[in-house]
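See structure below.
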Amino acid sequence: MARYRGSVCRLCRREATKLFLKGDRCYSEKCAIERRNYPPGQHGQGRTRFSDYGLQLREKQKVKRIYGVLERKMVRTMKQAARMKGLSGENLLSLLERRLDSVVFRLGFATSRVEARQLVRHGHFLVNGRRATIPSMLVKPGWRITLTDKAKKVERITASLDALERRSVPSWLEIDKENFEGTVTGMPVRDEITLPIQEQLIVELYSR
């Protein structure tokens, strides 16, 4: 499976915003944006001016990096969003939020989506009582996400749940920390996706 293996802090600096790819580090003074708030590279501190296409491209790259998807998957998701009722941009974000790895992160079982993807791949979660190892699986209302008995003893999962107060669980999800269980109660709401995303720019880019 292809994946980015470089420094994720460089990605945040390139997009000039926190993408929360590094877990707890993003909430500390060690965050790269706090220390060097300019793009990486030799000419990072120079002036940058983007064309309309450049703005659209940067927005698409930002969303890809937040959710950890590659270009081929992004194109398929955009096509699926365009076929759905409603605004294509909001449909796109809804589909990305409903990915199992994103839901695991939003429920507080992991400190980042990268960590959540790894935990799912290693088979630490049950979806409706059956082991799930596909991070891109789309969850639906009424589905239950629980930890396996072995995963309940994993220190980084319990530590992540203990630090859940740093970020709020969205209204379309419910978490039962005592039973290590999360429930999908509805569909993602655009207002609760607080990251600075201009999804219309992505729609315009793929409409070219």
> For the stretch 55-85, what are the residues that are closer than 22 Å to G142 by Cα and of a type in the set (G, A, S)?
Replying inline: A81
>> in the same structural domain as V103 (by TED's automatic domain parsing) and in contact with a Gly (Cβ under 8 Å, 6 or more places away or on another chain): which single residue out of V139, V169 fits that description?
In response: V169
> When the residues of the stretch 185-208 are filtered to those that are of a type in the set (V, I, T) and not in a helix (DSSP H, G or I), which remaining residue is surrounded by the fewest Cβ atoms within 10 Å (Cβ to Cβ)?
Replying inline: T194
>> Regarding the stretch 26-37, can at least one residue be identified that is at pLDDT below 90, closer than 24 Å to R121 by Cβ and crowded, with 16+ Cβ neighbours inside 10 Å?
In response: yes
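The values are calculated or read from the model by the stated rules, or taken from the named source; none is laboratory data. Model, not experiment: these values are computed from the prediction. Neighbour counts are summed over all protein chains in view; Cβ atoms, including those assigned to glycine, are modelled from backbone coordinates with ideal geometry.
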